[in-house]
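Written out below as structure tokens is the structure these notes cover.
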Amino acid sequence: IKFIGPTAPVMSVLGDKIGANILAQTAKVPSIPWSGSFGGVDDGPLEAELTDEGTIPLDTFEMATCRNVEEAVIAAKRIGYENGIMIKASEGGGGKGIRFIETEDELENAYIQVQN
């Protein structure tokens, strides 16, 4: 039996929320604003020059993440609170860690809840 499809590292990227979004942006797939919508060329969406293994370089991946409340506040201000913002941990939780927020004060509290 032969498997026809992407390599294991590429499948891993597709299974990761952040990596999949960066990969979609690289393919010019329109996406809603998120923390990885900035930092690319002319401060546009992040795009990845894939490694030889087909994965996203760590520095590009890190630019899309919010590692603390302060980084989340900066990303939220860039996105804008007009329609509210959904925050979610990048791994695990099974959807239990999703929070809808409309203000910076709510973000600070929700970030801690999502993180735990």
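Do you know which residues across region 63-76 are open to solvent by 70 Å² or more (accessible area, probe 1.4 Å) and closer than 15 Å to Ile22 by Cβ? Answer for region 63-76, where residues must be open to solvent by 70 Å² or more (accessible area, probe 1.4 Å) and closer than 15 Å to Ile22 by Cβ: just Met63. Only one of the listed residues (Ile22, Ile79) is touching a strand residue (DSSP E or B) at 6+ places or on another chain (Cβ under 8 Å) and surrounded by 15 or more Cβ atoms within 10 Å (Cβ to Cβ). That residue is Ile79. Here Val29 qualifies as modelled with pLDDT of 85 or more and of a type in the set (Val, Ile, Thr).
Scanning region 25-43 for residues being surrounded by fewer than 16 Cβ atoms within 10 Å (Cβ to Cβ) and either acidic (Asp, Glu) or in a helix (DSSP H, G or I) (or both) gives a total of 3.
Residues that are in a loop (DSSP other than H, G, I, E, B) and crowded, with 17+ Cβ neighbours inside 10 Å within region 52-62 comprise Thr55, Ile56, listed in sequence order. From the list Glu49, Glu82, which one is farther than 29 Å from Thr103 by Cα, free of Cβ contacts under 8 Å to residues at least 12 places away in the same chain, part of a loop (DSSP other than H, G, I, E, B) and more than 11 Å from the chain's Cα centre (by Cα)? Of the residues listed, the single one that is farther than 29 Å from Thr103 by Cα, free of Cβ contacts under 8 Å to residues at least 12 places away in the same chain, part of a loop (DSSP other than H, G, I, E, B) and more than 11 Å from the chain's Cα centre (by Cα) is Glu49. Looking only at region 89-113, residues that are touching a strand residue (DSSP E or B) at 6+ places or on another chain (Cβ under 8 Å), outside any strand (DSSP E or B) and surrounded by fewer than 16 Cβ atoms within 10 Å (Cβ to Cβ) come to 3 in all.
The values are calculated or read from the model by the stated rules, or taken from the named source; none is laboratory data. Owing to the predicted nature of the structure, the values given are computational and were not obtained by experimental measurement. Reconstructed Cβ throughout: ideal geometry from the backbone, glycine too, with neighbour counts over all protein chains shown. Surface accessibility is based on the protein's heavy atoms, side chains included, excluding ligands, DNA and RNA. Shrake-Rupley method; radii C 1.70, N 1.55, O 1.52, S 1.80 Å.
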